[in-house]
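S.K.: If you scroll down you'll find the structure; I have some questions about it.
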Amino acid sequence: MTGTNALTFRHVTDVEDVRQLLLDIHVEVRGGFGMMDRPFYAVERFNERLSRYASRTGWESVIAYQSEEPVGYAFATPLGADTAWWEDMVPPLPDHYVEETGIRTLALNEILVRAPWRRIGVARRIHEELLAGRNEQRVTLLVNPLVADGRLQAVYEAWGYEQIATQQPFPDSPVFAVMMRPVRIA
């Protein structure tokens, strides 16, 4: 049933085409990790964040399928000139580093893979499929460094990301490690 060779990918730019699917996978995956009782991960809060992300120019989701079965997804949006992404960084980052144009930095907002397809490279395939069609110079993401005793952050490091700061973007969110890498790695 599992494997990465038989995956197909669907690129989506209209969230309404896949909203319920993204919500269902969010509940399944985050529920499997016992996170759904935390307000930040509640489906209503996730749906609000999804709506905000998807309302921005350039939002895109990539959904992986094995046959007709959805196995995971990622979605991202470019950071516009008016972005709040870089606010509240610890330590604060230099102005030249956080200057955005709408085409400089892609924010990877979410990547989730359902349990049967974990630890076999599916997340990386989804990630690379999303980045393959992007024109931004760099990609940034937030990761909870406490998840899986740091193993999730280590996965992103293996993909070429480096931690550049920490941030707590919402009062009820974890303190995240802010990570960055070039969109294309030689």
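The values are calculated or read from the model by the stated rules, or taken from the named source; none is laboratory data. All figures in this text were calculated on a predicted structure; none of them were measured in a lab. Cβ sites come from the backbone with ideal geometry, for glycine too, and all protein chains shown count toward neighbours. For the accessible areas, the whole protein counts, side chains as well, though only heavy atoms, and no ligand, DNA or RNA atoms are used. Shrake-Rupley method; radii C 1.70, N 1.55, O 1.52, S 1.80 Å.
S.K.: To test your reading of the geometry: what angle, between 0 and 90 degrees and rounded to tens, separates the Cα axis of helix 19-32 from the longest principal axis of the chain?
M.R.: Compared with the principal axis, the helix lies near 90 degrees.
S.K.: Show me, for the range 174-186, the HN-Hα J-couplings you get by feeding each phi into the Karplus relation (A = 6.51, B = -1.76, C = 1.60, θ = phi - 60°), rounded to Hz, glycine and proline as x.
M.R.: Whole-Hz 3J(HN,Hα) from phi for the range 174-186: x, 7, 9, 7, 9, 10, 8, 7, x, 4, 9, 10, 5.
S.K.: If you don't mind, there's one more thing I want to ask. Could you state the per residue volume, in Å³, of the convex hull enclosing the Cα atoms of the range 1-82?
M.R.: Values: hull volume 8.9 nm³, N = 82.
Roughly 109 Å³ of hull volume per residue.
S.K.: The chain: D in µm²/s via Stokes-Einstein (Kirkwood Rh, Cα pairs, 10 °C, 1.306 mPa s)? Display every interim value, and only then the final one.
M.R.: Numbers: Rh = 16.9 Å.
Taking Rh from Cα pairs, D becomes 94 µm²/s.
S.K.: Next question. Considering the convex hull of the alpha carbon atoms of the range 88-134, report its projected area averaged over all viewing directions, in nm², one decimal.
M.R.: Working: hull surface 20.1 nm².
Value for the range 88-134: 5.0 nm².
S.K.: A follow-up question, please. Mind computing the radius of gyration and Dmax over the alpha-carbon atoms of the range 92-186? Å is fine for both.
M.R.: Calculated on Cα positions, Rg and Dmax stand at 13.8, 43 Å.
S.K.: When you count, for each residue, the other Cβ atoms within 10 Å and take the mean per peptide, how do 101-108, 143-150 rank with the highest first? Display every interim value, and only then the final one.
M.R.: Details: 101-108: 17.9, 143-150: 14.5.
Order by mean packing, descending: 101-108, 143-150.
S.K.: Another one. Full extension from Ile164 to Glu69: what is 0.36 nm times the residue separation minus their Cα-Cα distance, to one decimal in nm?
M.R.: Details: separation 95, 0.36 × 95 = 34.20 nm, distance 3.62 nm.
Value of the extension gain: 30.6 nm.
S.K.: Turning to a different aspect of this structure: So how many Å³ per residue does the convex hull of the Cα atoms of the range 60-128 work out to?
M.R.: Once divided by residue count, the hull of the range 60-128 is 116 Å³.
S.K.: So how many Å³ per residue does the convex hull of the Cα atoms of the range 134-182 work out to? If you can, show how the numbers build up before the last one.
M.R.: Details: hull volume 3.9 nm³, N = 49.
Residue-normalised Cα hull volume stands at 80 Å³.
S.K.: Which percent of Cα pairs goes in each bin when the distances of the range 117-158 are cut into 10 angstrom slices starting at zero?
M.R.: 23, 51, 25, 1
S.K.: Take the solvent-accessible surface of the protein heavy atoms, probe 1.4 Å, and return the percent of it on the range 61-182 that carbon and sulfur atoms account for.
M.R.: Numbers: 3050 of 5720 Å².
Of the solvent-accessible surface of the range 61-182, carbon and sulfur hold 53 percent.
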